[in-house]
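First up is the structure itself, then whatever we jot down about it.
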Amino acid sequence: MSDAKTTPTVEASLTALAVSLRGVTKTYDNGVMALGPFDLAVRKGEFISLLGPSGCGKSTALRLIAGLSAASSGTVRMSRHEGPAQIGHGIGFVFQEPTLMPWTSVRENVRLPLKLGGIPKAEGRARADAALASVGLADFANAFPRELSGGMKMRVSLARALVTDPDILLMDEPFAALDEITRFRLNNDLLALWRSLGKTVIFVTHSVFESVYLSQRVVVMTARPGRIQADIRIETVEPRGEEFRTSAAYSDYCRKVSAALAPSYSGQSML
């Protein structure tokens, strides 16, 4: 169903891929088929967004990639290796909610994956401080979550995902609950991090605007069971900034993505 002018879903050799899902389905114990058959290829260092209606399997796809759930059929390959990578090694995961431990400091929240992995305390603290600096929170290492704004909490969650230096960063609607100004700012900061760190990013969102602004490719999904409706490459001058957000090209891409998304909705807002 993909537009002939859009980027093919499976287009790269495995040597260039970070993630490859082929013929993947997911059916839950209650009989609900959430996903598939689903085919997706993500190049190393690429930033893509999964966009679609609620319940279409976007988060399910992330969980399969992360190894938090098993596919009912099909194959999941990670950088030429069969099966999912482990969180804390090849993958960092940023969930919709920051899920921070309220009884301990920001630094200790970020250090947690390293602590669980047996990294010595001194090394873990140094790596946590470096991760906090990368998201602009160097001065808040000793603060507690209750002292932070919503946007700052999400930055802590991002730092915790980055502290293990993962190759792949999975992000499940991390900015959905934030106000528009904070969301725009975090979008810009995330793009700057992606450019500087060279991570592969798979980003789930309900927002057409956000997907077009952030991504090199927007993968539009159908309603459940989730399949790929369109795979649209966003070609623009890098690095992106506010001039892109207000450009005619941005508006054109938003209209194109909205048109691809429209069949998956029944009178619901797509933006």
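Answer with yes or no whether Arg155 is among the basic types (Lys, Arg), part of a helix (DSSP H, G or I), touching a residue at least 24 places away in the same chain (Cβ under 8 Å) and touching a helix residue (DSSP H, G or I) at 6+ places or on another chain (Cβ under 6 Å).
no
Of the residues that make up region 234-243, is at least one surrounded by fewer than 23 Cβ atoms within 10 Å (Cβ to Cβ), within 21 Å of Cys56 (Cβ to Cβ) and modelled with pLDDT of 95 or more?
There is no residue in region 234-243 that is surrounded by fewer than 23 Cβ atoms within 10 Å (Cβ to Cβ), within 21 Å of Cys56 (Cβ to Cβ) and modelled with pLDDT of 95 or more.
Specify which of the listed residues (Ala223, Ala176, Ala192) is over 13 Å from the mean Cα position of the chain (by Cα), under 20 Å from Tyr265 (Cα atoms) and surrounded by fewer than 19 Cβ atoms within 10 Å (Cβ to Cβ).
Just one listed residue meets the conditions, Ala223.
In region 140-152, which residues are in a helix (DSSP H, G or I) and closer than 26 Å to Phe47 by Cβ?
Those that are in a helix (DSSP H, G or I) and closer than 26 Å to Phe47 by Cβ: Gly150, Gly151, Met152.
If I go through region 219-257 residue by residue, how many of them are under 30 Å from Val24 (Cα atoms), touching a residue at least 24 places away in the same chain (Cβ under 8 Å) and not in a loop (DSSP other than H, G, I, E, B)?
So the answer is 14.
Of everything in region 43-55, what is surrounded by fewer than 24 Cβ atoms within 10 Å (Cβ to Cβ) and either on the phi < 0 side of the Ramachandran plot or acidic (Asp, Glu) (or both)? Give them in sequence order.
Selection gives Arg43, Lys44, Glu46, Phe47, Pro53, Ser54.
For residues that are hydroxyl-bearing (Ser, Thr, Tyr) and under 26 Å from Ala259 (Cα atoms), tally how many sit in region 24-55.
The number of residues fulfilling the criteria is 3.
Looking at (1) assigned to a helix (DSSP H, G or I); (2) out of contact with any Leu (no Cβ under 9 Å at 6 or more places or on another chain), which is the one condition that is false for Arg160?
Result: Arg160 passes all but (2).
The values are calculated or read from the model by the stated rules, or taken from the named source; none is laboratory data. All values reported here derive from a predicted model rather than from experimental measurement. Note that we place each Cβ from the backbone using ideal geometry, even for glycine, and neighbour counts take in every protein chain shown.
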